[in-house]
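The values are calculated or read from the model by the stated rules, or taken from the named source; none is laboratory data. If you're wondering where the values come from, they're calculated on a predicted model, not measured in any experiment. Cβ placement follows ideal geometry from the backbone for every residue including glycine, while neighbour counts extend to all protein chains displayed. Only protein heavy atoms, including side chains, enter the accessible area calculation; ligands, DNA and RNA are left aside. Shrake-Rupley method; radii C 1.70, N 1.55, O 1.52, S 1.80 Å.
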Amino acid sequence: ARWPGTYTAEQGYLLGLLMGDGTLKQDEAVLSVWRSAAVANGPDAALSQGAQAVMAEALRAAHTLSHRADFRGWSEVSGRGEYRLKLSALRDLAFEAGLRPGDKRITPVLEQASSDCTRGFLRGFFDADGSVQGGQDKGVSVRLAQSDLGRLEAVQRMLLRLGIASTIYRNRRDSDHDLVITGANVARFAELVDFADTIK
């Protein structure tokens, strides 16, 4: 499942993170990652291995974009348990792909991007907002919850283009909808979207 088109896997990954847990402004795009909360009688708040992996991959991808000479990567927001990565080049890329402040929908430009970009985008989006549920005894599923049904329908089309079937469950919790990948499609998803280290 490969096809030509615009944008690289790295650009797709950053756009996927932006779609999931990012903020798009007129002057910049901001990606955010948070430390897990401290637990009473438990460990202090810390960055999970997953968050550290996302930060490392986002920084690697960010270095493929143009950036200022004084670009330092992730910075911690004091007192919030949040780390931010600010990139004006990602803002430019998002605008080129049709995203706008307050309107982060999956545009036709994104749906028609290269297979590398599609894989990168899905990886970034699921890294930001996806979850793996279940276990070996009852089976594993990959889920993406969103309040925007149109966004999930676009993700479903992108997955189908890679040969991965999924199901959308509407209004499961309050106003949220879930896209769920199950069965053999989980292994295909892990292989094609490089989500394997989350699915054990």
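Couple of notes before you dig in:
- Test for LEU17: is it buried (at least 20 other Cβ atoms within 10 Å of the Cβ), out of contact with any Ser or Thr (no Cβ under 8 Å at 6 or more places or on another chain) and either under 21 Å from ARG123 (Cα atoms) or modelled with pLDDT of 85 or more (or both): yes
- Selection over the range 126-156 of residues that are exposed (fewer than 13 other Cβ atoms within 10 Å of the Cβ) and touching a residue at least 12 places away in the same chain (Cβ under 8 Å) gives a count of 4.
- Among the residues of the range 82-91, those that are more than 16 Å from MET19 (Cβ to Cβ), open to solvent by 10 Å² or more (accessible area, probe 1.4 Å) and not polar (S, T, N, Q) comprise TYR83, ARG84, LYS86, ALA89.
- Listed conditions (1) without any contact (Cβ under 8 Å) to a residue 24 or more places away in the chain; (2) open to solvent by less than 40 Å² (accessible area, probe 1.4 Å); (3) outside any loop (DSSP other than H, G, I, E, B); (4) not aromatic (Phe, Trp, Tyr) are all met by GLU76, apart from (2).
- Residue satisfying all of: in the range 157-174; of a type in the set (D, E, K, R) and within 20 Å of ASP116 (Cα to Cα); surrounded by the fewest Cβ atoms within 10 Å (Cβ to Cβ) among these: ARG157
- Only one entry in ALA51, ALA61 is open to solvent by less than 50 Å² (accessible area, probe 1.4 Å), in a helix (DSSP H, G or I) and modelled with pLDDT under 90, namely ALA51.
- Within the range 85-99, the residues that satisfy the criterion of being over 18 Å from LEU152 (Cα atoms), of a type outside the set (Gly, Ala, Ser) and in contact (Cβ under 8 Å) with a residue 40 or more places away in the chain are LEU85, LYS86, LEU87, LEU90, ARG91, LEU93.
- For the range 146-189, a residue qualifies if it is of a type in the set (Gly, Ala, Ser) and either touching a Phe, Trp or Tyr at 6+ places or on another chain (Cβ under 8 Å) or farther than 15 Å from ARG123 by Cα (or both), and the qualifying residues are SER147, GLY150, GLY163, ALA165, SER166, SER175, GLY183, ALA184.
- Residue in the range 103-125 that is farthest from GLU191 (Cα to Cα), counting only those that are touching a residue at least 60 places away in the same chain (Cβ under 8 Å), open to solvent by 40 Å² or more (accessible area, probe 1.4 Å) and more than 16 Å from the chain's Cα centre (by Cα): VAL109
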